[in-house]
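Asker: Okay, here's the structure, questions in a sec.
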Amino acid sequence: MTGLTSPDGELMRHAALLSGADMSHTRTDESGVPALTLSDGPNGLAMNLPDWSGKVPATCFPAPVALAASWDVDLVHRVAAAIGREARVAGADILLGPSINIKRSPLGGRGFEYYSEDPFLAGRIGAGFVAGVQSAGVGACVKHFAVNSQETDRMRVSAELSERALREIYLAAFEHVVTSARPAMVMASYNRVNGTYVTQDRRLLTEILRDEWGFGGAVVSDWGAVDDRLEALRAGLDLEMPGPADASRRRIVAAVENGDLDASVVVDSADRLRRLAVKWGGGAAATANLEEHHLLAVAAAAASIVLLKNDGVLPLSTTGGRVAVIGELARTPQIQGGGSANASATRIDSPLAALRATLDRTVDFAPGYSSDPDQVQALADEAVRIARDAEVTIVFLGPDEGSESEGYDRDTLELPAEQVGLLTRIAATGTRTVAVLDNGGIVLTSPWSRDVGALVEAWLPGQGGGTAIAQVLTGAVNPSGRLTETIPLRLADTPAFASFPGHGGRVFHGEGIFVGYRGYDHAGREVAFPFGHGLSYTSFAYEDIAVVADDKGLGDVLVELTVRNVGNLAGADVWQVYLRPDGGDDDRPVRTLAAFGKVELEPGATARVRTTIGARSFARWDERRDGWVVDPGTYAIEVGASSRDIRVEVRIDRTSTGPALVLTRRSTLREWLTDLSFGPALIDAAQDADPSGGTSGFLCNPVILTMIGDLPIERLFDDPSTALSPELLAQAVREAQRQGH
Ligand code: BGC
């Protein structure tokens, strides 16, 4: 065989489909399968112009961090459908989003692009996004599967973690998106998991993704993530990107020809790509109304803003005394993060212009800070002078430009020191101070937030952010965003602090499942603002919670409650349902999010809201039993306004479910004795073998159990001083296996 001219033209035809044609297209073949155009991005179409001189103009919606903070799956669906329409108009068939990785550490450079530290929330928001994109006739590619929670060494690093953390935290959101929203594609990430490149991990790409979850689409590599093409193909990776990757194709063909690779593996992947192309390629013509999309971008940004603190200074009256607006970010806002997700906005509303247009008051502006160290003092002095004369001062703060991007992690959670210094000086003038944060990943707010009357987290709000901020500050929109990530008091408090981002090519997930609020709650640590927190200009009460569960304590649980707007303004509330195992051991999180919803209410109005807690929410992954297991016992179903503001609860009992522990010679004495059927059987057998009672008495002695309960039982059955013989053990093991244990 020379080059790509195989005598087996069929094989070549299949192999040709398994890598892209270039950076953003798949290949076609003689059968007329359309070539697909793939484009980023998760907060707006981020399609490169053909000459790579820039990107196709597109509506820049709020960054994913903001979108998720709306806790509004319908809104996310509408935004994603708009992105899908713009993709369709630009000729993209597959949108490379959503990005749903778990925010393990707030230092993660792509934190702005990810939804949450909580897999339940990330999964629900991600599913809404996929459904929205696909409703516009564009396939969605959920990424980056899996455990791609950092940028440092992202193309090689091995995330070393337990199966439990993998299942409960890092795979759970993908599982939900794949099983409920059926994305066209899944993108395999760059990193390794427990030593194996994800692109070559058959267990992840085939056994879990396809066999367990029923994924029927195609798996694409992240760009340049394929290390060994043959291994990747065997693992279930269909499409290598970018193309042309001729060497890979030659290797594939040669491997089949010399018997190293089964031809069916090639055909199966090629067929999956053909089906994908037929389904999503060359979709119907579409139109996109950019004016409407801009208004949607404004609405989405407004719904995402989180009011962290308010002493009553907000909402601002549109009339009254002088207002000072301080901070370059008010005039030149940071609207999105950097990297492949970066879109070319069709326009940008600045907060300063929007405030000037909204307020019927004198608005003075000073940039306040600059990246030029020579200007810092003069700019700060000017800002303080303006603030001193103002009734209210709104200070815009945010990390240095360029500090949040794909490709590198953040090196601090602190705001630039000159900004904090400026804020402190402004607050000291006695002006009422409102701080507005313009950032992707969370920033530390302590101790300076005590100096401000109100603190507004506006995130990277997209092109409509300026208008949205003005709407929220003036009360035209009542804030309703909630934190999807805890704001700690110190970086050192973050659960992954000790091991992020690892070294020597490995990152050990020492905190296991205790990521985000699970970690802070487990350690009983104070935080600045908890997961789920967010204020409103009105207040809500939760009443009449009712729960319907089956008597057996096995199935889904229906929860109903009444949300009442007890304040004087219309507003939207995000009600949150958490599960708390009663008397749980140290091995389980204090509480986990199990359902949520958002409801708009006029003053005094009520709504009866309903949700279902899936049976799986009660389960944890059991390493020994290799499956999802529900511990029997009582669980509190809690409803709250945040993870640390639980208002009502109902308790229900659950029955044990999940695979039984397989008892073997390596199982411990304790595991045998605590098994409901084998414990007593073992004691009886010992009694039969030694009627004096010495051996059974030994086994039943609580001190012995304390001392050697963790001993693999085969070691005990080798002891000539008791009647515990190898024969007796063999018989017990046979019986356990016969009964399916
Ligand atoms: C990013 C992906 C992106 C791809 C294509 C990669 O570097 O990790 O998120 O979709 O490039 O632009």
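The values are calculated or read from the model by the stated rules, or taken from the named source; none is laboratory data. Every value quoted in this text rests on a predicted model; they were computed, and no experiment measured them. Quick reminder, even Gly has a Cβ in these numbers, built from the backbone with ideal geometry, and neighbours come from all protein chains shown. Areas reflect the complete protein model, heavy atoms only, side chains present, ligands, DNA and RNA absent. Shrake-Rupley method; radii C 1.70, N 1.55, O 1.52, S 1.80 Å.
Asker: Efficiency by 1/(1 + (r/R0)^6): what FRET value for Ala730 and Ala541, r their Cβ-Cβ distance, R0 = 60 Å, to the nearest 0.05?
Answerer: E between Ala730 and Ala541, to the nearest 0.05, is 0.40.
Asker: Ok, one more. Counting other Cβ atoms within 10 Å of each Cβ, which GluC sites (Glu not before Pro) in segment 581-683 have at most 12 and sit in a DSSP loop?
Answerer: Glu623
Asker: Follow-up. Leaving out ligands, DNA and RNA but keeping every protein chain, what accessible area does Ile335 have, in Å² rounded to the nearest 10, with a 1.4 Å probe?
Answerer: Ile335 has an accessible surface of roughly 10 Å² with all protein chains in place.
Asker: Right, next: Take the alpha-carbon positions of segment 1-123, form their convex hull, and give its projected area averaged over all directions (one quarter of the hull surface) in nm².
Answerer: Across all orientations, segment 1-123 yields a mean hull projection of 10.8 nm².
Asker: Computed FRET efficiency, Cβ-Cβ of Leu676 and Glu207, R0 30 Å: what is it to the nearest 0.05?
Answerer: Efficiency, rounded to the nearest 0.05: 0.45.
Asker: Could you sort out which of Lys55/Lys143; Lys103/Lys143; Lys309/Lys598; Lys103/Lys279 sit more than 24 Å apart by Cα distance in this structure?
Answerer: Lys103/Lys279
Asker: Still on this model: For the chain, with all protein chains present and a 1.4 Å probe, just round the carbon and sulfur fraction of the accessible area to a whole percent.
Answerer: 50
Asker: Given the Cα atoms of segment 540-654, and with Rh set as the inverse mean 1/r over their pairs in the Kirkwood sense, what is Rg to Rh to two decimals?
Answerer: When Rh is taken as the Kirkwood radius, the ratio is 1.03.
Asker: In the chain, with Lys and Arg counted as +1 and Asp and Glu as -1 at Cβ, which of these residues, Leu669, Ser158, Ser317, has the Cα nearest the positive end of the dipole, that is, farthest along it?
Answerer: Working it through, the farthest residue towards the positive pole turns out to be Ser317.
Asker: Now, a different point. Share of Cα-Cα pairs in the chain beyond 41 Å, in percent?
Answerer: 38
Asker: What number, rounded to the nearest 500 deg cm²/dmol, is the helix-based mean residue ellipticity at 222 nm of the chain, given -39500 (n - 2.57) per DSSP H run of at least four residues and division by all its residues?
Answerer: Estimated from H runs of four or more residues: -8500 deg cm²/dmol.
Asker: Each label point is 7 Å from the Cα along the Cα-to-Cβ direction; what then is the distance between the points at Glu382 and Arg182, in nm?
Answerer: Reported label-point gap for Glu382 and Arg182 is 5.9 nm.
Asker: Right, here's the next one. For Arg715, tell me the accessible area in Å² from a 1.4 Å probe, rounded to the nearest 10.
Answerer: Its heavy atoms expose roughly 140 Å² to the probe.
Asker: Taking the Cα centre of the chain as origin and charging only Cβ (+1 Lys, Arg; -1 Asp, Glu), how large is the dipole, in debye to the nearest 20?
Answerer: Once rounded to the nearest 20, the dipole reads 1040 debye.
Asker: Over the chain, give the accessible area per residue in Å² for a 1.4 Å probe, as an integer.
Answerer: Heavy-atom SASA per residue in the chain reads 37 Å².
Asker: Heavy atoms of the protein only, probe of 1.4 Å, neighbouring chains included. What is the accessible area of Asp374 in Å², nearest 10?
Answerer: Asp374 has an accessible surface of roughly 140 Å² with all protein chains in place.
Asker: So between Arg490 and Asp262, what do we pick up on full extension, going 0.36 nm a residue minus the alpha carbon distance?
Answerer: 76.7 nm
Asker: Could you sort the peptides 46-56, 276-286 by per-residue average Cβ neighbour count (10 Å cutoff), highest mean leading?
Answerer: Going by the mean number of other Cβ atoms within 10 Å, highest first, we get 276-286, 46-56.
Asker: Here's something else I'd like to know. With axes computed from alpha carbons, what is the tilt in degrees of helix 172-181 against the longest principal axis of the chain, rounded to the nearest 10 within 0 to 90?
Answerer: That helix lies at roughly 80 degrees to the long axis.
Asker: Also, I was wondering about something else. So, with +1 on the Cβ of K and R and -1 on the Cβ of D and E, and no other charges, what is the size of the charge dipole of segment 351-470 about its Cα centre, to the nearest 20 debye?
Answerer: 600
Asker: If you don't mind, there's one more thing I want to ask. Among Ala245, Thr467, Ser149, pick out the residue whose Cα is farthest towards the positive end of the charge dipole of the chain, where Lys and Arg carry +1 and Asp and Glu carry -1 on C-beta, about the Cα centre.
Answerer: Thr467
Asker: Still on this structure, I have one more. Over segment 669-738, consider all pairs of different Cα atoms and compute the Kirkwood hydrodynamic radius from their mean reciprocal separation; express it in Å, one decimal.
Answerer: Roughly 12.0 Å, rounded to one decimal.
Asker: How do 428-438, 536-546, 461-471 rank on mean C-beta neighbours within 10 Å, highest first?
Answerer: Ranking, from highest mean packing down: 461-471, 428-438, 536-546.
Asker: Using 0.36 nm per residue of separation minus the Cα-Cα distance, give me the extension gain between Glu291 and Thr634 in nm, one decimal.
Answerer: 118.2 nm
Asker: Going by accessible area, probe 1.4 Å, with all protein chains left in place, what is the ranking of Thr722, Thr362, largest first?
Answerer: Heavy-atom accessible area, descending, gives Thr362, Thr722.
Asker: Turning to a different aspect of this structure: Out of the DSSP beta bridges found with both residues in the chain, what percent are antiparallel (nearest 5)?
Answerer: Bridges in the chain that DSSP calls antiparallel: roughly 60 percent.
Asker: Using the reciprocal of the averaged 1/r over all distinct C-alpha pairs, how large is the Kirkwood radius of segment 593-701 in Å?
Answerer: 18.3
Asker: Then there's this: Using a Debye calculation, one point per C-alpha and no hydration shell, please list log10 I(q)/I(0) for segment 506-560 at q = 0.21 Å⁻¹ in order.
Answerer: Cα-only, vacuum Debye calculation for segment 506-560: -0.93.
Asker: Right, here's the next one. Treat every Asp and Glu Cβ in segment 669-738 as -1 and every Lys and Arg Cβ as +1, leave all other atoms uncharged, and give the resulting dipole magnitude about the Cα centre to the nearest 20 debye.
Answerer: 100
Asker: Using only the alpha-carbon atoms, how far is helix 726-738 inclined from the longest principal axis of the chain? Give it as 0 to 90 degrees, nearest 10.
Answerer: In the chain, helix 726-738 runs at an angle near 60 degrees to the longest axis.
Asker: Of Thr657, Pro691, Leu554, which is farthest along the charge dipole of the chain in the positive direction, counting Lys and Arg as +1 and Asp and Glu as -1 at C-beta?
Answerer: Highest projection toward the positive end goes to Leu554.
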